[in-house]
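Colleague: First, the structure itself, so that you have it in front of you.
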Amino acid sequence: MKSTQSPSTTTTTYIPLLKDLGLTGNPVNGRNPQYFSEGDIAENHPHHGVATIFSISQFPNEIGSRFDHIRLSAVVSQCLDMDLSEAKLLFALAGESPAQTEQSPQAFNKVLQEVLHRYRLQNLFCAGEGGEHHRGITPTAYNELTGDIYAEEMARWRADFRAMAPERQMMAATIIWLYQSGPDNTWLRRVPCTWRASEALNYLQDADCLRDWLRLLATYPGW
């Protein structure tokens, strides 16, 4: 994945945000002082999720295969409880002004509705009984009040998912992980969703979809 920012723009934009997270680290070959070592972002690091996203998106040549063991689902799970500083970094990576970062039901619902429409996911998600904004959206084939799963509808949900292009699958799976606040074995059983984070983020970047994915995570206030 190639960064769309020039080195000077990258430094100006990201260094203060990385410093806020304590993620500035050792330079690589005497440059890129915002790049941090593997030890700085061990998997138990409190900011491991956003640090992984930053590394993959900004330094694809330097990181090599060191993130190949990390799944996209794990990165999403690590970002479920982001604080505002972490969200600002993802918002900046999406090309947005960090000062405008907002983690609220209204902001997330706006992005969610845009993603559902842009990636034609309306057959996988529908209006529910959960409440206002995004809490009024639920995956189909499921009764959120009783917990019942409708087998025929679920089979159709999974068939529709399998038929989608990878970027649509990645968006739908991410929304499911956000809805479930973690891993899922209800909708995403026996469907392709075990992407490596590095491969998935590269694919989303190449498909011009990474900005939408980052905005979903950056605005997420909990479901």
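Colleague: Please give the contour-minus-distance gain from residue 143 to residue 113: 0.36 nm per residue of separation, less the Cα-Cα distance, rounded to one decimal in nm. Could the numbers behind the result be given before it?
Modeller: Details: separation 30, 0.36 × 30 = 10.80 nm, distance 2.09 nm.
Taking 0.36 nm per residue and subtracting the Cα distance, the gain is 8.7 nm.
Colleague: OK, next. Mind listing the long-range amide H neighbours of residue 142? Cut-off is under 5 Å, sequence gap 5 or more, other chains count too, H placed in the peptide plane at 1.01 Å from N.
Modeller: 150
Colleague: What is the distance in Å between the Cα centres of segment 85-150 and segment 168-223?
Modeller: Computed from Cα coordinates, the inter-centre distance equals 12 Å.
Colleague: Right, next: In segment 63-182, what percent of the accessible surface is made up of carbon and sulfur (1.4 Å probe, ligands and nucleic acids excluded)?
Modeller: Working: 2530 of 5500 Å².
Result for segment 63-182: 46 percent of the exposed heavy-atom area is carbon or sulfur.
Colleague: Over the Cα atoms of segment 165-223, what radius of gyration and what Dmax do you get, in Å?
Modeller: So, for segment 165-223, Rg and Dmax equal 11.3, 30 Å respectively.
Colleague: Kindly rank 171-179, 86-94 from highest to lowest mean number of other beta carbons found within 10 Å of each residue.
Modeller: 86-94, 171-179
Colleague: Here's another thing I want to ask about it. Can you give the accessible area per residue of segment 144-184, in Å², using a 1.4 Å probe? It would help to have the intermediate numbers written out before the result.
Modeller: Details: 1950 Å² over 41 residues.
Solvent-accessible surface per residue comes out at 48 Å².
Colleague: Would you kindly state how much longer the chain becomes between residue 186 and residue 127 on full extension, computed as 0.36 nm times their sequence separation minus their alpha carbon distance, in nm to one decimal? Don't skip to the answer; put the middle values down first.
Modeller: On the way: separation 59, 0.36 × 59 = 21.24 nm, distance 1.84 nm.
Length gained between residue 186 and residue 127: 19.4 nm.
Colleague: How many percent of Cα pairs in segment 50-98 exceed 17 Å? Show your work: numbers first, answer last.
Modeller: Values: 443 of 1176 pairs.
Summing the P(r) tail past 17 Å for segment 50-98 gives 38 percent.
Colleague: On to the next question. With all pairs of different alpha carbon atoms counted, what Kirkwood hydrodynamic radius in Å does segment 68-223 show? All intermediate terms of the calculation are to be shown ahead of the outcome.
Modeller: Values: mean 1/r = 0.0633 Å⁻¹.
So the Kirkwood estimate lands at 15.8 Å.
Colleague: For segment 51-177, what is the relative contact order in percent, using Cα pairs closer than 8 Å and at least 6 residues apart in sequence?
Modeller: 17 percent.
The values are calculated or read from the model by the stated rules, or taken from the named source; none is laboratory data. Computed from a prediction, not measured in an experiment: that's the story for all the values here. So basically every Cβ, Gly included, is an ideal-geometry build from the backbone, and we count neighbours across all protein chains shown. Areas reflect the complete protein model, heavy atoms only, side chains present, ligands, DNA and RNA absent. Shrake-Rupley method; radii C 1.70, N 1.55, O 1.52, S 1.80 Å.
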